[in-house]
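Working notes, beginning with the structure itself.
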């Protein structure tokens, strides 16, 4: 009897669990493993990310509470050290506690979801408000549209960003256009948040690696938000749930457990319309968001040491509509700009940012705007590390831009 092939959905959890390397069957396979290693021995640039020491995470309560974007209450409160998926869980828990209109639903979320972001919420708030849906992205987003139109605050989870495409019609043609087509009637679905894990994890291959954010930035009526850390995830998600616009909230899944920092215990809200200057500088501006910010930070540290330069790093946070003022002010000061993102270069977020800089700050530029992004190809498992930007590619872009 023929063996039944497991579905892609059934393999999701298996694919994303850490696995011991397979024993090579021959010398050639051993050589291949060395050839395609993510970090060569004694590599100066492309080493592993030191999350425990990186400057773009808050490692002390003092650092976290010094954030001027926090409310006075939050700045005078306590913090605790948590990872990104726990920060998402805390934001959802607070929203459910404080607003009876909030609903949380998606595939397997009643049990915590693939990444455990919804752990224990169904037990605390009941399955009338936290519940599983059938394996139908179009169906669960369609339900979310109806719930939001009736005044609810639905938070719908797409299990992986790679699975959002069946729901793209609902998002583009219904979610984004609802307010516009309703005219002066006041009808809208502005209370809707669609969460999804996105991006590379190192072994996700074709269907667990994609970063489709650029598709949503071409849709008027949506906000598209991508947090880089636990503090950002909690504050931006709470703001997204409170927002009167529909929000696409994309969570870099490799950071769920890797990124750990001190996060305010109390609820707090971060702005959805402001980029954040993570590091000031005067010679060059790097604009990025999500996971590549860690790559940029490492490249900046190496470049500043080698070239004696001073580089500004900006986190867009909300990539649509993005904060043009902060970016343009920075580029007019530094005269040079690089945009870095994990998704493909062609028609990506970097293209829009680069075009805007060229249009609005052309006379202040000392070099062409450079983009460092994923290559325009599907992500094969064996070659994933070569497709997304690494520290060396960002470092080279810095050198070329400074030397121009």
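Below, the figures for the structure above:
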{"item": "Residue 362 vs. criteria surrounded by fewer than 19 Cβ atoms within 10 Å (Cβ to Cβ), on the phi < 0 side of the Ramachandran plot and touching a residue at least 40 places away in the same chain (Cβ under 8 Å)", "result": "no"}
{"item": "Any chance residue 28 is surrounded by fewer than 10 Cβ atoms within 10 Å (Cβ to Cβ), outside the structural domain of residue 254 (by TED's automatic domain parsing) and either at pLDDT below 85 or within 19 Å of residue 204 (Cβ to Cβ) (or both)", "result": "yes"}
{"item": "Per-region count, segment 313-343, residues under 24 Å from residue 272 (Cβ atoms), touching a residue at least 40 places away in the same chain (Cβ under 8 Å) and over 18 Å from the mean Cα position of the chain (by Cα)", "result": "5"}
{"item": "Residue that is more than 16 Å from the chain's Cα centre (by Cα) and at pLDDT 95 or above, where the choices are 227, 246, 252", "result": "246"}
{"item": "Test result for residue 307, touching a helix residue (DSSP H, G or I) at 6+ places or on another chain (Cβ under 8 Å), under 30 Å from residue 152 (Cβ atoms) and either outside the structural domain of residue 95 (by TED's automatic domain parsing) or modelled with pLDDT of 95 or more (or both)", "result": "no"}
{"item": "Residue 96, sole failed condition from (1) crowded, with 18+ Cβ neighbours inside 10 Å; (2) modelled with pLDDT under 95; (3) touching a helix residue (DSSP H, G or I) at 6+ places or on another chain (Cβ under 6 Å)", "result": "(2)"}
{"item": "Filter pass, residue 298 being in contact (Cβ under 8 Å) with a residue 12 or more places away in the chain, at negative phi and more than 17 Å from the chain's Cα centre (by Cα)", "result": "yes"}
{"item": "Lone qualifier among 266, 245 - being within 19 Å of residue 68 (Cα to Cα) and either surrounded by fewer than 24 Cβ atoms within 10 Å (Cβ to Cβ) or not assigned by TED's automatic domain parsing to the domain that holds residue 186 (or both)", "result": "266"}
{"item": "Cβ-Cβ under 6 Å pairs, at least 6 apart or on other chains, segment 138-151 side free of Cβ contacts under 8 Å to residues at least 60 places away in the same chain, far side part of a helix (DSSP H, G or I)", "result": "138/166; 138/167; 138/170; 141/167; 141/170; 142/170; 145/174; 145/175"}
{"item": "Pairs where the first residue, in segment 70-93, is free of Cβ contacts under 8 Å to residues at least 60 places away in the same chain and the second is buried (at least 21 other Cβ atoms within 10 Å of the Cβ) and part of a loop (DSSP other than H, G, I, E, B), C-beta under 6 Å, 6+ apart", "result": "89/117"}
{"item": "Pair list, Cβ under 8 Å, 6 or more apart: segment 185-196 residue more than 21 Å from residue 236 (Cα to Cα) and assigned by TED's automatic domain parsing to the domain that holds residue 95, other residue in a loop (DSSP other than H, G, I, E, B) and modelled with pLDDT of 90 or more", "result": "188/244"}
{"item": "Counted residues, segment 364-395 - those being part of a helix (DSSP H, G or I), in contact with a strand residue (DSSP E or B) (Cβ under 7 Å, 6 or more places away or on another chain) and more than 14 Å from residue 206 (Cα to Cα)", "result": "2"}
{"item": "Lone unmet requirement of (1) at pLDDT 95 or above; (2) closer than 23 Å to residue 242 by Cα for residue 163", "result": "(2)"}
{"item": "Test: residue 180 is touching a residue at least 40 places away in the same chain (Cβ under 8 Å), surrounded by fewer than 24 Cβ atoms within 10 Å (Cβ to Cβ), out of contact with any strand residue (DSSP E or B) (no Cβ under 9 Å at 6 or more places or on another chain) and not in a loop (DSSP other than H, G, I, E, B)", "result": "yes"}
{"item": "Any hit, segment 344-352, residues being free of Cβ contacts under 8 Å to residues at least 12 places away in the same chain and either under 18 Å from the mean Cα position of the chain (by Cα) or outside the structural domain of residue 208 (by TED's automatic domain parsing) (or both)", "result": "no"}
{"item": "Criterion: touching a strand residue (DSSP E or B) at 6+ places or on another chain (Cβ under 7 Å), assigned by TED's automatic domain parsing to the domain that holds residue 308, over 26 Å from residue 48 (Cα atoms) and surrounded by 15 or more Cβ atoms within 10 Å (Cβ to Cβ) - qualifying residue of 338, 398, 357", "result": "357"}
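The values are calculated or read from the model by the stated rules, or taken from the named source; none is laboratory data. Worth saying up front: this structure is predicted, and the values here are computed from it rather than measured. Every residue, glycine among them, receives a Cβ derived from its backbone with ideal geometry; neighbour counts consider all protein chains shown.
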